Amino acid sequence: MNLSMGKNDSVSSSEFEENLSILREIYFFSELPLEALKVLAYLGTHENFRAEDYLFHQDDDDGMAFYIISGEARLLREGGDQPAELREFAKGAFLGSLALLGNARRLFSLQARTDMTCLILTREKFTKTMEQFPGMAPCILKALVGSIHSWDQSVLDDVHEGCPTCRQSVGVSLL
């Protein structure tokens, strides 16, 4: 991870309020009690990236989740001569929630397309917050189940629209 534009190590009151507002809108955190959200808002950091910086690389296990406050990023799958660009993400995207829950190597790389600012949460701080608020676990599980169900529903909708390769992706909610 490149932090070439700098990092703010202290959480100002306005940054805390912004973090809290952001977390309340993210599906992953939407069911959490306000006190737990406040702790996460305090522990989150804003980091700036320059265009072409990597936020993470394929095969990393960095334990971080990213919310894009400003800018754009591209998701890359490395292999062969050139990384394949799979899709783009912009302001409002939340990426990496599963990295907060446990060890998992990244299946992709994420690179800044433009200068960008992200709210970052780490697995270590998230785990400590879950220990402090044990009631978080059912809320997180509920959000994950809902997200998986929504993803499967969108794939089913694509199948009905005649996407033959989508059929191979149906059934994630059966996990």
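The values are calculated or read from the model by the stated rules, or taken from the named source; none is laboratory data. All values reported here derive from a predicted model rather than from experimental measurement. In this analysis, Cβ positions are derived from the backbone assuming ideal geometry, glycine residues included, and neighbour counts consider all displayed protein chains.
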### Query
Can you tell me which residue in region 101-129 is surrounded by the fewest Cβ atoms within 10 Å (Cβ to Cβ), limited to those that are in contact with a helix residue (DSSP H, G or I) (Cβ under 7 Å, 6 or more places away or on another chain) and within 20 Å of Glu25 (Cβ to Cβ)?
Lys125
### Failed criterion for Leu98 (all others in (1) touching a Phe, Trp or Tyr at 6+ places or on another chain (Cβ under 9 Å); (2) modelled with pLDDT under 95; (3) under 25 Å from Glu18 (Cβ atoms); (4) surrounded by fewer than 17 Cβ atoms within 10 Å (Cβ to Cβ) hold)
(1)
#### Entry: From the options Leu107, Leu98, Leu121, Leu55, residue that is in a loop (DSSP other than H, G, I, E, B) and within 14 Å of the chain's Cα centre (by Cα)
Leu107
### Query
When region 137-151 is examined, which residues are found to be free of Cβ contacts under 8 Å to residues at least 40 places away in the same chain and either within 13 Å of Pro33 (Cβ to Cβ) or of a type outside the set (Phe, Trp, Tyr) (or both)?
Ala137, Pro138, Leu141, Val145, Ile148, His149, Ser150
### Task
State all residues of region 66-95 that are surrounded by fewer than 17 Cβ atoms within 10 Å (Cβ to Cβ), assigned to a strand (DSSP E or B) and among the hydrophobic types (A, V, I, L, M, F, W, C); if no residue qualifies, say none.
Ala84, Leu86
### Query
Does region 144-158 contain at least one residue that is over 30 Å from Ser12 (Cα atoms) and assigned by TED's automatic domain parsing to the domain that holds Glu88?
no
### Summary
In region 17-40, anything part of a helix (DSSP H, G or I), of a type in the set (Gly, Ala, Ser) and within 16 Å of Gly92 (Cα to Cα) is listed as Ser21
### Query
Between a first residue in region 76-90 that is in contact (Cβ under 8 Å) with a residue 24 or more places away in the chain and a second residue that is exposed (fewer than 12 other Cβ atoms within 10 Å of the Cβ), which pairs have beta carbons less than 9 Å apart while being 6 or more apart in sequence or on different chains?
Leu76/Ala84; Leu76/Leu86; Arg77/Ala84; Arg77/Leu86; Arg77/Leu107; Glu78/Asp59; Glu78/Ala84
